[in-house]
Amino acid sequence: MNWWNEGLQLKLRIHPAGLALAVLYAIACWATRQLSLDQFYLPAGVRVAAVLLCPTRFWPYLLLGEYAYFAQMRLPMVEKYGAAWAILASGVLMPAVMLITRWARSFFANSVTSRLLAIAFLSSVVVTLLNVSLSQLLWPTPPADSALAFLSRAARFSVGDFIAILTVTPLALLWAMRNTEPHWKTIFTGPTAVALLLMTLLGVTASLIPNEASTLRTSLQLLMGLPVIALTCLHGWRGAAVGVPMLNLIIGLTTPKPYAAAFDAATFTTQQIMAITGVALLLLGSRISHFRRRYQLREVGEKNAINLARSSHLASESDLRERAIHLRKLGDGIDLSLSEVINWLNSHGHSAIANSLTHTANVHSRLFREQASLVYPTALEQLGLYVALQAGGVRSAWVNTHRVAEPRLAGDPCRLSLDLQLTAYRTLIDAVSLLLKCESGQVIVRARCVNAGQQRGIVMTASLLDRHRALSPTTVSLVRERLAGRALAFGGSVHCRQSRIVMVLVEPGTTTLRESQEGSSFGARVASSA
């Protein structure tokens, strides 16, 4: 019971920034009210935008600014409508919006657009019901409206608040996400300026049309939705967040009788249509941005996967190169030792044995070096891909099968990077090996270095001599399993066409998913020439 005897100690800390925020909010509400109609009440949008933008610790200052705004507006009305209404009706609107915003943040945590539309709908309905109900309850002489008139007035105010919220809040959210939304400034480009200018011209033209031609004016106002649709399709949610508010603002500001408590029935019908259109465009823009973001993540993931695959291949090639160099040193040591033995035999009169040993040493040394070249083609580094294919262990292995014809090679592979040549070397060898193991008949090898626009690469084919015989399903499956990954690592592709295996490799650089797809089309354009 100490707190009962000693009381409660409250610490109240006032921030100058909060007071400045309260003053700024009150001025913003007052200024926007001068441009408002009861069917387009901009302070309702300012209220919701302020609650969404400001941290929770500054909400009391917003409430103070709301009181200041209503004080300058409603104090002169106390004698007519009563002090109870002026005080109570001014103090419940902002807390209601705060509660709705707090609930929407927890319920729609993962969707900005759904949260915005839920707050806009609930705030417009709840605030309107509070305003209309409190006026009926607290005014000394409440409006003598019928039930239908009451509902009509509430619907009109609610739609006006909803349109105002859709006018102010998306722009505020777009500004709040300027540091987290990638490339958000790209929306403010030439197409956006043209769309906004077209909307403004249509709105001004519609405002100049007399009331007698209301159908033409409505048609022009509806045409203003076309640039907004274009912005939404072009920029997704960001385009809708700019286009929908500007559409509502232009229609609202060009409506006749631009002062508070004014009403224009013809424009109100157009605004209802635009409110529905704005909701649809915001939802559509949100989905476009969602799928665009998923595509970008997929593109980044594809690029990372390609880089990792390429790095893995290059790392394995580096290990094989070291192993091949070590084998060459071992071979050189063995040759040196055998040469010393042969010299000793010759010097001691054992020429026959020395000649036999020399022949055996030369044969085994050649076979040893051919096997070492299969581990890593060192000749490729100095003389290029085609020399590595026409000499060394690969050529001997193909000749010994008596099934591989003389390779048909065209172009200059030395213009390609060493990494690409190594990958082409491995891919072509694996393709020929698959054909030799899984197919019968003669095999033809072709390769052609090609330049197509800004892309540089190589197209290789390993095909059966019998063009009328298709590759077996087993061969096709093995080709996809063993060769496709290496080709994709270099932005290329592997295809099985009738009796041929077509392999395309593109010079690496900044290969993304789109560039990989372009590499496939690159191969399709030039595969027939290989």
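The values are calculated or read from the model by the stated rules, or taken from the named source; none is laboratory data. For clarity, every value in this text was computed on a predicted model and none was experimentally measured. Here the Cβ positions follow ideal geometry from the backbone for every residue, glycine too, while neighbour counts run over all protein chains shown. To get the accessible areas, we keep the full protein, side chains included, count just its heavy atoms, and leave off ligands, DNA and RNA. Shrake-Rupley method; radii C 1.70, N 1.55, O 1.52, S 1.80 Å.
Assorted remarks:
- Accessible area in square angstrom per residue, the chain, 1.4 angstrom probe: 52
- Efficiency of FRET from Cβ geometry, Leu201 and Phe107, R₀ 41 Å, rounded to 0.05: 0.50
- Rounded to the nearest whole angstrom, the semi-axes of the ellipsoid equivalent to region 1-138, taken from the Cα gyration tensor as √(5λ), stand at 26, 23, 17, largest first.
- Based on alpha carbons, the Rg and Dmax found for region 75-132 are 14.6, 48 Å.
- Dividing the summed helix terms, -39500 (n - 2.57) for each DSSP H run of n ≥ 4, by the number of residues in the chain produces a 222 nm estimate of -24000 deg cm²/dmol to the nearest 500.
- What a 1.4 Å probe finds exposed on the chain is 63% carbon and sulfur by accessible area, rounded to a whole percent.
- Label sites at Leu383 and Ala149, each approximated as a point 7 angstrom past Cα along Cα to Cβ, lie 10.4 nm apart.
- Over region 208-250, the hull volume per residue, using the convex hull of the C-alpha atoms, is 54 Å³.
- Net charge contributed by nearby residues that have their C-beta within less than 14 Å of Gln382 (K/R +1, D/E -1): +1
- Across the alpha-carbon atoms of region 365-459, the computed radius of gyration and Dmax are 13.6, 46 angstrom.
- Local electrostatic count, Thr360, Cβ distance below 13 Å [Lys/Arg +1, Asp/Glu -1]: 0
- Along region 388-395 the Karplus relation, 6.51 cos²θ - 1.76 cosθ + 1.60 evaluated at θ = phi - 60°, assigns HN-Hα couplings of 5, 7, 9, 9, x, x, 5, 4 Hz to successive residues, with x for each Gly and Pro.
- Placing +1 on the Cβ of every Lys and Arg and -1 on the Cβ of every Asp and Glu, with no other charges, gives region 64-163 a dipole of roughly 220 debye about its Cα centre.
- Each residue, Gln390 and Leu418, gets one label point 7 Å from its Cα in the Cβ direction; the gap between the two is 2.2 nm.
- Region 125-173: chymotrypsin sites (Phe, Trp or Tyr not before Pro) in DSSP coil with no more than 10 other Cβ atoms inside 10 Å: none
- Between Ala452 and Leu19, full extension at 0.36 nm per residue minus the direct alpha carbon distance yields a gain of 149.4 nm.
- Amide H contacts for Ile501 (H built 1.01 Å from N in the peptide plane; partners 5 or more residues away or on another chain; cut-off under 5 Å): Ala462, Ser463.
- Here the Karplus relation 6.51 cos²θ - 1.76 cosθ + 1.60, evaluated at θ = phi - 60°, turns the backbone of region 220-234 into coupling constants of 5, 5, 5, 5, 5, x, 5, x, 5, 4, 5, 5, 5, 5, 7 Hz, with x for every Gly and Pro.
- For the chain, a crude dipole built from +1 on the beta carbon of Lys and Arg and -1 on the beta carbon of Asp and Glu, taken about the Cα centre, is about 400 debye to the nearest 20.
- Within the chain, longest stretch clear of exposed trypsin sites (Lys or Arg not before Pro) (DSSP loop, no more than 10 other Cβ within 10 Å): 179-530
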